[in-house]
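Visitor: My questions all concern the structure below.
Throughout, read-outs are computed from the coordinates displayed, never taken from laboratory work. Just so it is clear, the structure is predicted and the values come from calculations on it, not from any experiment. Cβ placement follows ideal geometry from the backbone for every residue including glycine, while neighbour counts extend to all protein chains displayed.
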Amino acid sequence: NEKNLAQVTLAAVADGVITTDRAGRITYMNPVAEELTGWPMADAADQPLTDVYELVNEVTGEPLENPVSRLMRRSANRRGNTNAVHRALHRRDGKSISVQDAAAPIRDSEGRLIGAVLTFSDITIPRQLARDLSYQASHDALTGLINRAEFERILSQLLSDAQETEHAHVMCYLDLDQFKVVNDTCGHIAGDELLRQLAALFRSRVRDVDVLARLGGDEFGILLHRCDVEEALHVAESIRELVTDFRFFWSNQSFAVGVSIGLVPVSDHGMSLAPLLSAADAACYAAKEAGRNRVHLFEPDDSQLLERKDEMQWVNRIHSALDNDRLRLYVQPIVPLKADGKTIPRYEVLVRMLDTHGTIIPPGAFMPAAERYNVATAIDRWVVSNILAWIGDYHRRKRQSPGHYSINLTADSLTNPEFLAFVLQLMEHHQVPPESVCFEITETSAIANLSSALHFMATLNAIGCEFSLDDFGSGVSSFGYLKNLPVDYIKIDGVFVKDICNDSTANVMVASINNIGQEMGLKTIAEFVESADIRDELCRLGINFAQGFHLGKPMPLASLSDVRMMPR
């Protein structure tokens, strides 16, 4: 009865079970073991286990020692498990399955070793799932290339190799030019197909030992293994030419794209992973700044890259200032040149940053980096939020006009649909009189984003806000676009204004801008008024308003709490 119970129990076990005698010959197999090995018990009985249960390394295919043979050889006194290596079982029919197994000794009542029991299970499906997950974790689903995480892991290994062996490697950072045109014209499906085709194109120019990755978006990375700089430049240039000659066809349309490539040597000079990636990104950006579709080699004393690095450091300082409330509002008077006693005080709203020691930092030091690295909208939000709250509070307390405030907006804010909703919400929340608010946008940003600018301006115009076109005259198509923009003021570029008294061309330019503006019913504002002579000449030309150090320097907004600087 006990024997029958044991047989039934083993037959019901979900794992394969094989028992052997001390010589390693099979004495029993349960039905699961028969199914997994392909050997019926009648054929397997008294056969050496190594003939029925044949193991190989799943990765290399090399034969592996049978767990029972290993157990017997070692005369182990505990369960043995050798699953550190992925193991595959060759079935009788020639097929293979992934297995997980364990062996244990069988002893008699006196403790003598009389055999062994082997248990094993089919883990083919779980192992394949694990492989799939591992692949997905290290590869880009769209192109099949390795992803950024895996790229950085391999790059770290190359850094160690370069430091230990002095082997030379080179990292290439690739950023596509004109990719957005395809995405915007034909949609993301077309953009995805373009990325797949370019990935195949890049593969044709790298060796098997090199590493090609998609780092994200339209950015790719290549690690050229044991390659000197001269050869790397040749490879990068060949890739650039290949992309230049490539044409992408979609829906009866043909598109040309380019690629900007930054190169950084992976050497033994002690550069760690983060600075290396930063240098590659900076080199790629330098290639774009030089005209796009170029190759740029990183050099430690490269002035362009040093400027780029300095700007990247500014980004962290800007975020810190925003997080720790170290931005301050300043205002500068905008003075009417023909005062009639009825003009309300006017100011341009300016922003300053405080460093960690409380020193004031002018916007020229941090705004270029903010605009280049997409932080400008965060600054605009802070400025708009604080100035509108101040105007609304003053209006509620004093029950009189708080004045007229010109608020600068960057191109990023102008094209951000969420920013428009943000402004409208603040205007309503703080009960801001819209006639007190004028938004200043640059001519270049308005023209570059004309449809977004028109929508933004029309929406705020409809509730009573005004608009001023800043730096007018700096663009090449100023007058052609002016009639399409619903602006109330033209702010003449200070480059012309400051030379108005000693440069006839500048004088004629200012006069022309003013004449056209007046003809269109717009008021003109001249900036950079730094002397009485400039002011007098502007008066003679009929300019409406002026702004500059001669008429009033920027001052903290807080100084206007109860006092208004009346126009001169």
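Visitor: Return the distance in nm (one decimal) between the two label points of a simple spin-label model at residue 188 and residue 357, each offset 7 Å from Cα along Cα→Cβ.
Guide: That separation, rounded to one decimal, is 4.8 nm.
Visitor: Taking the Cα-to-Cβ direction at residue 90 and at residue 244 and moving 7 Å from each Cα, how far apart do the two end points lie in nm?
Guide: 5.6 nm
Visitor: To continue, here is another question. Compute the angle between helix 124-138 and the longest alpha-carbon principal axis of the chain, please, reported from 0 to 90 degrees and rounded to the nearest 10.
Guide: The angle comes out at about 30 degrees.
Visitor: Expressed in nm to one decimal, what extension gain is obtained for the pair residue 41 and residue 322 from 0.36 nm per residue of sequence separation less their Cα-Cα distance? Could the numbers behind the result be given before it?
Guide: Details: separation 281, 0.36 × 281 = 101.16 nm, distance 7.60 nm.
Gain on extension, residue 41 to residue 322, equals 93.6 nm.
Visitor: Still on this model: With the alpha-carbon atoms as the only input, what is the per residue convex hull volume for the range 328-405 in Å³?
Guide: Details: hull volume 9.4 nm³, N = 78.
Expressed per residue, the convex hull around the Cα atoms of the range 328-405 is 120 Å³.
Visitor: If r is the Cβ-Cβ distance from residue 401 to residue 180 and R0 is 45 Å, what FRET efficiency results, to the nearest 0.05? Don't skip to the answer; put the middle values down first.
Guide: Details: r = 45 Å, r/R0 = 0.99.
That pair, residue 401 with residue 180, gives E of 0.50.
Visitor: What is the order of 49, 113, fewest Cβ neighbours within 10 Å to most? Mind showing how you got there, number by number?
Guide: Numbers: 49 24, 113 15.
Exposure proxy ranking, most exposed first: 113, 49.
Visitor: While we're here: What's the extension gain from residue 13 to residue 385 if we count 0.36 nm per residue and subtract their Cα-Cα distance?
Guide: Details: separation 372, 0.36 × 372 = 133.92 nm, distance 7.02 nm.
Fully extending the segment from residue 13 to residue 385 adds 126.9 nm.
Visitor: While we're on this one: Pairs of lysines 8 or more apart, or on different chains, with alpha carbons under 30 Å: count those in the chain, would you?
Guide: Summing the qualifying lysine pairs gives 26.
Visitor: Express the relative contact order of the range 2-129 as a whole percentage, based on alpha carbon pairs under 8 Å and six or more residues apart in sequence. Please list the in-between numbers first.
Guide: On the way: 242 pairs, mean separation 32.0, N = 128.
Across the range 2-129, relative contact order equals 25 percent.
Visitor: Let me ask something else. Express in % the proportion of alpha carbon pairs of the chain at distances exceeding 38 Å.
Guide: Details: 90306 of 161028 pairs.
So the pairs more than 38 Å apart make up 56 percent of the total in the chain.
Visitor: Shifting gears a bit: What order do you get for 465, 501 when you list them from fewest to most C-beta neighbours inside 10 Å? Write out the running numbers ahead of the final one.
Guide: Numbers: 465 22, 501 14.
By the 10 Å Cβ count, ascending: 501, 465.
Visitor: Give me the number: length gained by fully extending residue 132 to residue 299, i.e. 0.36 nm times residue separation minus the C-alpha to C-alpha distance, one decimal in nm. Please report the intermediate quantities before stating the final value.
Guide: Working: separation 167, 0.36 × 167 = 60.12 nm, distance 4.04 nm.
Length gained, residue 132 through residue 299: 56.1 nm.
Visitor: Rg (Å, one decimal) plus Dmax (Å, integer) for the alpha carbons of the range 139-300?
Guide: Reported Rg and Dmax, both Å: 15.5, 54.
Visitor: Can you divide the C-alpha Rg of the range 2-129 by 2.2 N^0.38 Å and report the result to two decimal places? Can you show the working numbers first?
Guide: On the way: Rg = 14.2 Å, N = 128, 2.2 N^0.38 = 13.9 Å.
Relative to the rule-of-thumb radius for its length, the range 2-129 sits at 1.02.
Visitor: With just the Cα atoms defining each centre, how far is the range 8-67 from the range 495-526? Give it in Å.
Guide: Between the Cα centre of the range 8-67 and that of the range 495-526, the gap is 96 Å.
Visitor: If you don't mind, another one. Would you mind checking which residues have amide H under 5 Å from residue 467's amide H? H placed 1.01 Å from N; only 5 or more apart, or other chain.
Guide: For residue 467, whose amide H was placed from the backbone, the distant partners under 5 Å are 439, 488, 489.
Visitor: Would you kindly derive the ³J(HN,Hα) couplings of the range 382-387 from the backbone phi angles with the Karplus curve 6.51 cos²θ - 1.76 cosθ + 1.60 (θ = phi - 60°), listing them in order in whole Hz, with x for Gly and Pro?
Guide: Taking θ as phi minus 60°, the curve returns 5, 4, 4, 4, 6, 6 Hz for the range 382-387.
Visitor: In addition: Output the peptides 426-438, 153-165 sorted from most to least packed, where packing is the average of other Cβ atoms within 10 Å over each peptide's residues.
Guide: Packing proxy ranking, top to bottom: 426-438, 153-165.
Visitor: Can I ask one more? Compute the helix-to-body angle for 450-461: its Cα long axis versus the longest principal axis of the chain, expressed 0 to 90° and rounded to tens.
Guide: Tilt relative to the chain: about 60 degrees.
Visitor: If we sort 208-218, 24-34 on the protection proxy, mean other Cβ atoms within 10 Å, highest first, what's the order?
Guide: Working: 208-218: 17.6, 24-34: 19.9.
So the order, starting with the most tightly packed, is 24-34, 208-218.
Visitor: Please tell me the relative contact order of the chain in percent, rounded to the nearest whole number, where contacts are Cα pairs under 8 Å and at least six residues apart.
Guide: On the way: 960 pairs, mean separation 45.8, N = 568.
It rounds to 8 percent for the chain.
Visitor: Given the rule -39500 (n - 2.57) for each run of at least 4 DSSP H residues, summed and divided by the residues of the chain, what is its mean residue ellipticity at 222 nm, to the nearest 500 deg cm²/dmol?
Guide: On the way: 22 runs with 249 residues, N = 568.
Estimated from H runs of four or more residues: -13500 deg cm²/dmol.
Visitor: In percent, how large is the relative contact order of the range 139-300, given Cα pairs closer than 8 Å and 6 or more residues apart? Walk me through the numbers before you get to the answer.
Guide: Working: 287 pairs, mean separation 48.2, N = 162.
Reported as a whole number, the value is 30 percent.
Visitor: Another one. Once the Cα atoms of helix 417-429 and of the chain are each reduced to a long axis, what angle between those two axes, in degrees from 0 to 90 to the nearest 10, is obtained?
Guide: 60 degrees
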